[in-house]
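Participant: The structure that follows is given in the form of C-alpha coordinates.
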Amino acid sequence: MAHQAHSYHMVDPSPWPIFGAAAALLTTSGLIMWFHYSSTTLLTMGLLSMLLVMLQWWRDVVRESTFQGHHTPTVQKGLRYGMILFITSEAFFFLGFFWAFFHSSLAPTPELGGQWPPTGVKPLNPLEVPLLNTAILLASGVTVTWAHHSITEGNRKQAIHALTLTILLGFYFTALQAMEYHEASFSIADSVYGSTFFVATGFHGLHVIIGSSFLTVCLLRLIKFHFTPNHHFGFEAAAWYWHFVDIIWLFLYMSMYWWGSC
Amino acid sequence: MYYKFNGFTQRLVGAAASTAYNPQKADGLPVHLKRGVPDKLLYRTTMALTIGGTIYCLVALYMASQPRSQK
(Lines give C-alpha, C1' and ligand atoms only; values in the text may rest on other atoms or scores of the structure.)
Protein backbone atom coordinates (compact mmCIF):
# COMPACT_ATOMS: atom_id res chain seq x y z
CA MET A 1 0.00 0.00 0.00
CA ALA A 2 1.59 3.31 -1.12
CA HIS A 3 2.01 6.17 1.34
CA GLN A 4 2.87 9.75 0.50
CA ALA A 5 6.17 11.13 1.81
CA HIS A 6 4.90 14.74 1.89
CA SER A 7 2.16 16.72 3.63
CA TYR A 8 0.30 17.95 0.54
CA HIS A 9 -2.99 16.65 -0.84
CA MET A 10 -2.89 15.05 -4.28
CA VAL A 11 -6.62 15.07 -5.07
CA ASP A 12 -8.53 12.31 -6.86
CA PRO A 13 -9.34 13.05 -10.52
CA SER A 14 -12.47 15.18 -10.53
CA PRO A 15 -14.94 16.23 -13.23
CA TRP A 16 -16.08 19.42 -11.46
CA PRO A 17 -13.51 21.89 -12.88
CA ILE A 18 -14.38 21.18 -16.50
CA PHE A 19 -18.11 20.91 -15.79
CA GLY A 20 -17.81 24.26 -13.97
CA ALA A 21 -16.18 25.78 -17.04
CA ALA A 22 -19.00 24.42 -19.21
CA ALA A 23 -21.55 25.86 -16.76
CA ALA A 24 -19.86 29.27 -17.12
CA LEU A 25 -20.12 28.97 -20.92
CA LEU A 26 -23.83 28.09 -20.70
CA THR A 27 -24.54 30.95 -18.27
CA THR A 28 -22.79 33.62 -20.32
CA SER A 29 -24.18 32.51 -23.68
CA GLY A 30 -27.53 32.05 -21.92
CA LEU A 31 -27.45 35.73 -21.00
CA ILE A 32 -26.88 36.58 -24.68
CA MET A 33 -29.83 34.41 -25.79
CA TRP A 34 -32.01 36.05 -23.14
CA PHE A 35 -31.02 39.63 -23.99
CA HIS A 36 -31.16 39.32 -27.77
CA TYR A 37 -33.56 36.48 -28.56
CA SER A 38 -35.83 36.39 -25.45
CA SER A 39 -35.00 32.72 -24.77
CA THR A 40 -34.20 31.56 -21.23
CA THR A 41 -33.43 27.85 -21.89
CA LEU A 42 -29.65 28.16 -22.04
CA LEU A 43 -29.53 30.51 -19.04
CA THR A 44 -31.60 28.12 -16.94
CA MET A 45 -29.35 25.21 -17.93
CA GLY A 46 -26.29 27.29 -17.08
CA LEU A 47 -27.46 28.40 -13.63
CA LEU A 48 -28.68 24.89 -12.77
CA SER A 49 -25.42 23.23 -13.80
CA MET A 50 -23.46 25.94 -11.93
CA LEU A 51 -25.44 25.13 -8.77
CA LEU A 52 -24.89 21.37 -9.19
CA VAL A 53 -21.14 21.80 -9.73
CA MET A 54 -20.77 24.07 -6.68
CA LEU A 55 -22.73 21.66 -4.46
CA GLN A 56 -20.76 18.60 -5.52
CA TRP A 57 -17.31 20.25 -5.60
CA TRP A 58 -17.65 21.69 -2.10
CA ARG A 59 -19.30 18.47 -0.84
CA ASP A 60 -16.14 16.68 -2.04
CA VAL A 61 -13.88 19.16 -0.18
CA VAL A 62 -15.83 18.40 3.03
CA ARG A 63 -15.45 14.65 2.36
CA GLU A 64 -11.71 14.99 1.74
CA SER A 65 -11.11 17.05 4.88
CA THR A 66 -13.57 16.04 7.61
CA PHE A 67 -14.10 12.41 6.53
CA GLN A 68 -10.80 11.43 4.91
CA GLY A 69 -8.39 13.61 6.92
CA HIS A 70 -6.39 15.03 4.01
CA HIS A 71 -6.24 18.60 5.35
CA THR A 72 -2.86 18.74 7.09
CA PRO A 73 -1.57 22.09 8.42
CA THR A 74 0.31 22.50 5.13
CA VAL A 75 -2.88 22.04 3.13
CA GLN A 76 -4.76 24.42 5.41
CA LYS A 77 -2.07 27.08 4.91
CA GLY A 78 -2.61 26.85 1.16
CA LEU A 79 -6.36 27.22 1.63
CA ARG A 80 -5.80 30.32 3.79
CA TYR A 81 -3.67 31.90 1.07
CA GLY A 82 -6.33 30.99 -1.47
CA MET A 83 -9.22 32.55 0.46
CA ILE A 84 -7.25 35.74 1.15
CA LEU A 85 -6.30 36.08 -2.53
CA PHE A 86 -9.90 35.49 -3.56
CA ILE A 87 -11.23 38.15 -1.17
CA THR A 88 -8.53 40.55 -2.42
CA SER A 89 -9.72 39.99 -5.99
CA GLU A 90 -13.29 40.77 -4.87
CA ALA A 91 -12.04 43.98 -3.26
CA PHE A 92 -10.61 45.01 -6.65
CA PHE A 93 -13.94 44.12 -8.27
CA PHE A 94 -15.76 46.60 -6.01
CA LEU A 95 -12.95 49.15 -6.43
CA GLY A 96 -13.98 49.44 -10.08
CA PHE A 97 -17.55 50.37 -9.18
CA PHE A 98 -16.39 52.89 -6.59
CA TRP A 99 -14.11 54.40 -9.26
CA ALA A 100 -17.08 54.75 -11.59
CA PHE A 101 -19.13 56.41 -8.81
CA PHE A 102 -16.45 58.97 -7.94
CA HIS A 103 -15.70 59.65 -11.63
CA SER A 104 -19.32 60.65 -12.24
CA SER A 105 -20.10 62.31 -8.90
CA LEU A 106 -17.00 64.45 -8.33
CA ALA A 107 -17.50 66.33 -11.63
CA PRO A 108 -21.21 66.06 -12.54
CA THR A 109 -21.88 66.89 -16.21
CA PRO A 110 -24.27 69.58 -17.52
CA GLU A 111 -26.65 66.78 -18.56
CA LEU A 112 -27.13 66.04 -14.84
CA GLY A 113 -27.70 69.71 -14.04
CA GLY A 114 -24.10 70.16 -12.93
CA GLN A 115 -24.90 68.80 -9.47
CA TRP A 116 -24.88 65.54 -7.47
CA PRO A 117 -27.44 64.13 -6.82
CA PRO A 118 -28.57 65.07 -10.34
CA THR A 119 -31.52 67.43 -10.82
CA GLY A 120 -34.79 65.65 -10.14
CA VAL A 121 -33.25 62.69 -8.27
CA LYS A 122 -34.48 62.35 -4.70
CA PRO A 123 -31.90 60.18 -2.89
CA LEU A 124 -32.71 57.78 -0.02
CA ASN A 125 -32.37 59.33 3.44
CA PRO A 126 -29.11 57.92 4.85
CA LEU A 127 -30.36 58.28 8.43
CA GLU A 128 -33.35 55.96 7.91
CA VAL A 129 -33.20 52.32 6.68
CA PRO A 130 -29.57 52.56 5.42
CA LEU A 131 -28.42 53.46 8.95
CA LEU A 132 -30.36 50.51 10.38
CA ASN A 133 -28.71 48.28 7.79
CA THR A 134 -25.31 49.55 8.91
CA ALA A 135 -26.14 48.68 12.53
CA ILE A 136 -27.37 45.23 11.45
CA LEU A 137 -24.17 44.35 9.60
CA LEU A 138 -21.94 45.70 12.38
CA ALA A 139 -23.90 43.61 14.90
CA SER A 140 -23.54 40.53 12.68
CA GLY A 141 -19.77 41.09 12.71
CA VAL A 142 -19.89 40.90 16.50
CA THR A 143 -22.04 37.76 16.54
CA VAL A 144 -19.82 35.91 14.04
CA THR A 145 -16.79 36.73 16.22
CA TRP A 146 -18.73 35.46 19.24
CA ALA A 147 -19.41 32.24 17.30
CA HIS A 148 -15.71 31.85 16.50
CA HIS A 149 -14.66 32.27 20.13
CA SER A 150 -17.34 29.74 21.16
CA ILE A 151 -15.96 27.21 18.68
CA THR A 152 -12.37 27.62 19.90
CA GLU A 153 -13.56 27.28 23.50
CA GLY A 154 -15.57 24.15 22.69
CA ASN A 155 -18.88 25.75 23.67
CA ARG A 156 -21.31 24.06 21.27
CA LYS A 157 -24.57 25.67 22.40
CA GLN A 158 -23.26 29.24 22.26
CA ALA A 159 -21.56 28.66 18.92
CA ILE A 160 -24.84 27.46 17.38
CA HIS A 161 -26.78 30.38 18.88
CA ALA A 162 -24.24 33.00 17.77
CA LEU A 163 -23.94 31.65 14.22
CA THR A 164 -27.74 31.39 13.88
CA LEU A 165 -28.07 35.00 15.03
CA THR A 166 -25.46 36.08 12.45
CA ILE A 167 -27.41 34.39 9.65
CA LEU A 168 -30.72 35.91 10.81
CA LEU A 169 -29.15 39.38 10.82
CA GLY A 170 -27.94 38.73 7.28
CA PHE A 171 -31.46 37.80 6.15
CA TYR A 172 -32.86 40.89 7.91
CA PHE A 173 -30.40 43.10 5.97
CA THR A 174 -31.39 41.47 2.67
CA ALA A 175 -35.11 41.85 3.37
CA LEU A 176 -34.74 45.53 4.32
CA GLN A 177 -32.59 46.24 1.26
CA ALA A 178 -35.13 44.55 -1.02
CA MET A 179 -37.83 46.76 0.47
CA GLU A 180 -35.64 49.86 -0.06
CA TYR A 181 -35.13 48.89 -3.72
CA HIS A 182 -38.89 48.63 -4.13
CA GLU A 183 -39.61 51.95 -2.37
CA ALA A 184 -36.86 54.06 -4.00
CA SER A 185 -38.15 56.92 -6.13
CA PHE A 186 -35.35 56.41 -8.70
CA SER A 187 -34.46 53.35 -10.80
CA ILE A 188 -31.32 51.96 -12.44
CA ALA A 189 -32.31 53.80 -15.62
CA ASP A 190 -32.24 57.21 -13.94
CA SER A 191 -28.96 58.56 -15.29
CA VAL A 192 -25.53 57.56 -14.08
CA TYR A 193 -26.79 58.09 -10.51
CA GLY A 194 -29.11 55.10 -10.85
CA SER A 195 -26.48 53.03 -12.65
CA THR A 196 -23.73 53.53 -10.08
CA PHE A 197 -26.08 53.17 -7.11
CA PHE A 198 -27.90 50.00 -8.15
CA VAL A 199 -24.93 48.19 -9.71
CA ALA A 200 -22.71 48.75 -6.66
CA THR A 201 -25.37 48.08 -4.00
CA GLY A 202 -26.80 45.28 -6.12
CA PHE A 203 -23.50 43.41 -6.32
CA HIS A 204 -23.04 44.03 -2.60
CA GLY A 205 -26.47 42.51 -1.92
CA LEU A 206 -25.53 39.47 -4.02
CA HIS A 207 -22.41 39.07 -1.87
CA VAL A 208 -24.55 39.29 1.29
CA ILE A 209 -26.67 36.43 -0.07
CA ILE A 210 -23.55 34.41 -0.95
CA GLY A 211 -22.07 35.08 2.51
CA SER A 212 -25.32 34.11 4.24
CA SER A 213 -25.38 30.84 2.26
CA PHE A 214 -21.76 30.10 3.22
CA LEU A 215 -22.57 30.78 6.90
CA THR A 216 -25.67 28.55 6.69
CA VAL A 217 -23.58 25.65 5.38
CA CYS A 218 -21.17 26.27 8.28
CA LEU A 219 -24.08 26.16 10.74
CA LEU A 220 -25.20 22.77 9.37
CA ARG A 221 -21.62 21.47 9.64
CA LEU A 222 -21.29 22.89 13.16
CA ILE A 223 -24.46 21.06 14.23
CA LYS A 224 -23.11 17.84 12.69
CA PHE A 225 -19.86 18.07 14.69
CA HIS A 226 -17.56 18.70 11.69
CA PHE A 227 -15.55 21.42 13.49
CA THR A 228 -13.04 20.98 16.31
CA PRO A 229 -11.75 23.77 18.57
CA ASN A 230 -8.42 23.70 16.71
CA HIS A 231 -9.52 22.89 13.16
CA HIS A 232 -12.46 24.77 11.61
CA PHE A 233 -11.08 26.57 8.58
CA GLY A 234 -14.36 26.40 6.63
CA PHE A 235 -15.93 28.53 9.36
CA GLU A 236 -12.98 30.95 9.42
CA ALA A 237 -13.20 31.41 5.64
CA ALA A 238 -16.93 32.18 5.95
CA ALA A 239 -16.25 34.65 8.76
CA TRP A 240 -13.52 36.43 6.71
CA TYR A 241 -15.90 36.70 3.77
CA TRP A 242 -18.64 38.06 6.04
CA HIS A 243 -16.33 40.75 7.50
CA PHE A 244 -15.36 41.71 3.93
CA VAL A 245 -19.05 42.10 3.00
CA ASP A 246 -19.53 44.31 6.09
CA ILE A 247 -16.56 46.53 5.19
CA ILE A 248 -17.76 46.99 1.62
CA TRP A 249 -21.14 48.10 3.00
CA LEU A 250 -19.44 50.67 5.26
CA PHE A 251 -17.67 52.18 2.22
CA LEU A 252 -20.93 52.11 0.22
CA TYR A 253 -22.79 53.80 3.06
CA MET A 254 -20.20 56.54 3.58
CA SER A 255 -19.71 57.34 -0.12
CA MET A 256 -22.98 56.67 -1.98
CA TYR A 257 -25.60 56.98 0.74
CA TRP A 258 -24.15 59.72 2.93
CA TRP A 259 -21.69 61.86 0.88
CA GLY A 260 -23.64 61.16 -2.34
CA SER A 261 -26.92 62.50 -0.98
CA CYS A 262 -25.68 65.93 0.15
CA MET B 1 -31.08 -2.48 7.04
CA TYR B 2 -33.56 -5.19 7.93
CA TYR B 3 -34.65 -7.30 10.88
CA LYS B 4 -33.15 -10.81 11.05
CA PHE B 5 -35.71 -12.85 13.05
CA ASN B 6 -34.34 -16.37 12.57
CA GLY B 7 -31.85 -17.61 15.11
CA PHE B 8 -31.58 -16.95 18.83
CA THR B 9 -30.72 -13.26 18.61
CA GLN B 10 -33.33 -11.27 16.73
CA ARG B 11 -31.48 -8.22 15.56
CA LEU B 12 -31.45 -5.27 13.20
CA VAL B 13 -28.87 -5.85 10.46
CA GLY B 14 -27.03 -3.09 8.67
CA ALA B 15 -28.04 -0.23 10.94
CA ALA B 16 -24.70 0.34 12.66
CA ALA B 17 -22.52 3.15 11.40
CA SER B 18 -19.81 0.67 10.41
CA THR B 19 -22.09 -0.96 7.85
CA ALA B 20 -22.90 2.39 6.28
CA TYR B 21 -20.58 4.00 3.79
CA ASN B 22 -16.96 4.28 4.93
CA PRO B 23 -15.27 7.35 3.43
CA GLN B 24 -11.82 5.89 4.06
CA LYS B 25 -12.39 2.46 2.46
CA ALA B 26 -9.70 1.68 -0.13
CA ASP B 27 -12.18 0.69 -2.86
CA GLY B 28 -10.58 2.70 -5.66
CA LEU B 29 -13.61 4.97 -5.95
CA PRO B 30 -12.80 8.67 -6.39
CA VAL B 31 -14.21 11.00 -3.73
CA HIS B 32 -17.00 12.31 -5.98
CA LEU B 33 -18.43 8.77 -6.36
CA LYS B 34 -17.61 7.42 -2.90
CA ARG B 35 -21.20 7.01 -1.70
CA GLY B 36 -22.20 4.95 -4.71
CA VAL B 37 -25.64 5.31 -6.28
CA PRO B 38 -26.71 8.83 -5.17
CA ASP B 39 -23.32 10.21 -6.24
CA LYS B 40 -23.55 8.47 -9.61
CA LEU B 41 -27.03 9.90 -10.25
CA LEU B 42 -25.99 13.46 -9.42
CA TYR B 43 -22.81 13.10 -11.52
CA ARG B 44 -24.70 11.80 -14.55
CA THR B 45 -27.35 14.54 -14.23
CA THR B 46 -24.64 17.22 -14.08
CA MET B 47 -22.82 15.67 -17.04
CA ALA B 48 -26.00 15.45 -19.13
CA LEU B 49 -26.82 19.09 -18.37
CA THR B 50 -23.34 20.46 -19.08
CA ILE B 51 -22.45 18.37 -22.16
CA GLY B 52 -25.96 18.54 -23.63
CA GLY B 53 -26.05 22.23 -22.86
CA THR B 54 -22.67 22.85 -24.51
CA ILE B 55 -23.85 21.17 -27.72
CA TYR B 56 -27.11 23.18 -27.62
CA CYS B 57 -25.05 26.31 -26.98
CA LEU B 58 -22.79 25.71 -30.00
CA VAL B 59 -25.83 25.12 -32.22
CA ALA B 60 -27.52 28.27 -30.92
CA LEU B 61 -24.37 30.35 -31.45
CA TYR B 62 -23.97 28.95 -34.98
CA MET B 63 -27.56 29.90 -35.79
CA ALA B 64 -27.16 33.33 -34.22
CA SER B 65 -24.06 33.98 -36.31
CA GLN B 66 -25.97 33.49 -39.58
CA PRO B 67 -26.82 36.79 -41.31
CA ARG B 68 -30.49 37.72 -41.06
CA SER B 69 -32.45 36.85 -44.21
CA GLN B 70 -33.26 39.83 -46.46
CA LYS B 71 -36.89 40.94 -46.42
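The values are calculated or read from the model by the stated rules, or taken from the named source; none is laboratory data. No experiment lies behind these values; they were computed from the predicted model shown. Cβ placement follows ideal geometry from the backbone for every residue including glycine, while neighbour counts extend to all protein chains displayed. Calculation scope for accessible area: heavy atoms of the full protein, side chains included, ligands and nucleic acids excluded. Shrake-Rupley method; radii C 1.70, N 1.55, O 1.52, S 1.80 Å.
Participant: Where in chain A are the DSSP H helices whose alpha-carbon span along the long axis reaches 15 Å or more and whose Kyte-Doolittle mean is at least 0.5?
Facilitator: On the way: long enough: A:16-37 (30 Å, 1.10); A:41-62 (32 Å, 1.32); A:73-106 (48 Å, 0.85); A:129-152 (35 Å, 1.04); A:156-183 (41 Å, 0.31); A:191-223 (48 Å, 1.38); A:233-252 (28 Å, 1.14).
Helices meeting the span and hydropathy rule in chain A are A:16-37, A:41-62, A:73-106, A:129-152, A:191-223, A:233-252.
Participant: Summing both sides, how much accessible area is buried between A and B? Use a 1.4 Å probe and give Å² to the nearest 100. Mind showing how you got there, number by number?
Facilitator: Working: alone 15360 and 6860 Å², together 20000 Å².
Buried surface at the A/B interface: approximately 2200 Å².
Participant: Work through the residues other than residue A:239 whose Cβ is under 14 Å from its Cβ and net out their charges, Lys, Arg +1 and Asp, Glu -1. Before the final figure, lay out each step's value.
Facilitator: Numbers: positive: A:80, A:221; negative: A:236, A:246.
So the environment of residue A:239 carries a net charge of 0.
Participant: Same structure, new question: Compute the distance in nm between two label points, each set 7 Å from the Cα along the Cα-to-Cβ direction, one at residue A:259 and one at residue A:7.
Facilitator: 4.5 nm
Participant: Per residue in the stretch A:52-74, which ones lose no less than 10 Å² of accessible surface when going from chain alone to all protein chains (1.4 Å probe)?
Facilitator: Those are A:52, A:56, A:59, A:60, A:63, A:64, A:67, A:68, which lose 10 Å² or more relative to the chain on its own.
Participant: Determine how many Å³ per residue the convex hull of the Cα atoms of the stretch A:1-70 encloses. Show your work: numbers first, answer last.
Facilitator: Values: hull volume 6.0 nm³, N = 70.
Expressed per residue, the convex hull around the Cα atoms of the stretch A:1-70 is 85 Å³.
Participant: Moving on to the next point. Rolling a 1.4 angstrom probe over the protein chains, ignoring ligands and nucleic acids, what is the accessible area of residue A:50 in square angstrom, nearest 10?
Facilitator: Here the residue's solvent-accessible area equals roughly 70 Å².
Participant: In nanometres, what is the gap between the two model label sites at residue A:182 and residue A:58, each 7 Å from Cα along Cα-to-Cβ?
Facilitator: 2.7 nm
Participant: While we're here: Assign one of three labels to chain B, namely rounded, prolate or oblate, based on the Cα gyration tensor with a ≥ b ≥ c the square roots of its eigenvalues; rounded applies when a/c is under 1.5, prolate when it is not and a/b is larger than b/c, and oblate otherwise. Mind dumping the intermediate values first?
Facilitator: Working: a/c = 9.13, a/b = 3.66, b/c = 2.50.
Prolate.
Participant: Rounded to the nearest 500, what is the protein assembly as shown's calculated 222 nm mean residue ellipticity when only DSSP H runs of at least 4 contribute -39500 (n - 2.57) each, over all residues?
Facilitator: -22500 deg cm²/dmol
Participant: Just to be sure I understand the model, the point goes 7 Å from the Cα along the line to the Cβ. What's the resulting residue B:51 to residue B:63 distance in nm?
Facilitator: Inter-label distance under the simple model: 2.3 nm.
Participant: Under 8 Å for C-alpha pairs, at least 6 residues apart: give me the relative contact order for chain B, rounded to a whole percent.
Facilitator: On the way: 23 pairs, mean separation 9.4, N = 71.
Relative contact order comes out at 13 percent.
Participant: Is there a simple number for the mean count of other chain Cβ atoms within 10 Å of the Cβ of residues in B:56-64, and what is it?
Facilitator: Details: counts 6, 12, 2, 0, 8, 5, 0, 1, 5.
That works out to 4 on average.
Participant: So for the stretch A:1-113, averaging the separation of alpha carbon pairs under 8 Å that are six or more residues apart and normalising by length, what relative contact order in percent results? Write down the numbers at each step before the final one.
Facilitator: Details: 59 pairs, mean separation 25.7, N = 113.
For the stretch A:1-113, the relative contact order is 23 percent.
Participant: Further question on the same structure: Leaving out ligands and nucleic acids, note down the accessible area per residue over chain A with a 1.4 angstrom probe, in whole Å².
Facilitator: On a per-residue basis, chain A sits at 54 Å².
Participant: Right, here's the next one. Using only the Cα atoms of chain A, what semi-axes does the equivalent ellipsoid have when each is the square root of 5 times a gyration tensor eigenvalue? Give whole Å, largest first.
Facilitator: On the way: eigenvalues 289, 122, 52 Å².
After diagonalising the Cα gyration tensor, the semi-axes are 38, 25, 16 Å.
Participant: If you average the sequence gap of Cα pairs under 8 Å that are 6 or more apart and divide by the length of the stretch A:72-257, what percent do you get for the contact order?
Facilitator: Working: 159 pairs, mean separation 52.3, N = 186.
Worked out over the stretch A:72-257, it gives 28 percent.
Participant: Something else: Between the chain alone and the structure with every protein chain in place, find the residues of the stretch A:6-32 that drop at least 20 Å² of accessible area; heavy atoms, 1.4 Å probe.
Facilitator: Buried-area filter returns A:12, A:13, A:15, A:16, A:19, A:22, A:25, A:26, A:29.
Participant: Which value, in Å² rounded to 10, gives the accessible area of residue B:65 with a 1.4 Å probe and all protein chains present?
Facilitator: The accessible area of residue B:65 comes to roughly 80 Å².
Participant: Heavy atoms only, 1.4 Å probe, whole protein assembly: order B:13, B:31, A:11 by accessible area, highest first. Intermediate values should be presented prior to the final figure.
Facilitator: Values: B:13 40, B:31 5, A:11 95 Å².
I get A:11, B:13, B:31, largest accessible area first.
Participant: Quick one: pull the percent of accessible area on chain A belonging to carbon and sulfur, 1.4 Å probe, ligands and nucleic acids left out.
Facilitator: Values: 10270 of 14270 Å².
After summing per-atom areas, the C and S share lands at 72 percent.
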